[in-house]
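> Structure below; questions to follow.
The values are calculated or read from the model by the stated rules, or taken from the named source; none is laboratory data. Quick caveat, the model's predicted, so the values are computed rather than measured. Reconstructed Cβ throughout: ideal geometry from the backbone, glycine too, with neighbour counts over all protein chains shown. For the accessible areas, the whole protein counts, side chains as well, though only heavy atoms, and no ligand, DNA or RNA atoms are used. Shrake-Rupley method; radii C 1.70, N 1.55, O 1.52, S 1.80 Å.
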Amino acid sequence: PRRFGKTIDLSMMRYFFNRKDKEENESLFSGLNIYKEEEFKNHFGRYPVIYITFKDLKDLNFKNRMNVR
């Protein structure tokens, strides 16, 4: 449903798992209780992440977006 926090949940997961910018992302979690857990440290910043967003897509169909005839 709309306004249910889907984007913020996906962003949080991206910052948690992503290997890129690990040191920078660590500051987002360092003040939280979960940061002290060993399991947290086992998974934090260890995986490649593919993040795709369609928020800026304004066309109603793919053909218009790609100028395909």
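> So what's the convex hull volume per residue for the Cα atoms of the chain, in Å³?
It is 135 Å³ per residue.
> Something else about it: Only four residue types carry charge here, +1 at the Cβ of Lys and Arg and -1 at the Cβ of Asp and Glu. Report the dipole size of the chain about the Cα centre in Debye, rounded to the nearest 20.
About 620 debye.
> List the lysines whose alpha-carbon lies under 17 Å from that of LYS55, not counting same-chain residues fewer than 8 positions away?
Partners found: LYS6.
> In percent, what relative contact order does the chain have, based on Cα pairs under 8 Å that are 6 or more apart in sequence? Can you show the working numbers first?
Details: 33 pairs, mean separation 24.2, N = 69.
Once divided by the residue count of the chain, the mean separation gives 35 percent.
> How much area per residue is accessible in the stretch 1-60 when the probe is 1.4 Å and only protein heavy atoms are counted (Å²)?
On the way: 5580 Å² over 60 residues.
Roughly 93 Å² per residue, with all protein chains present.
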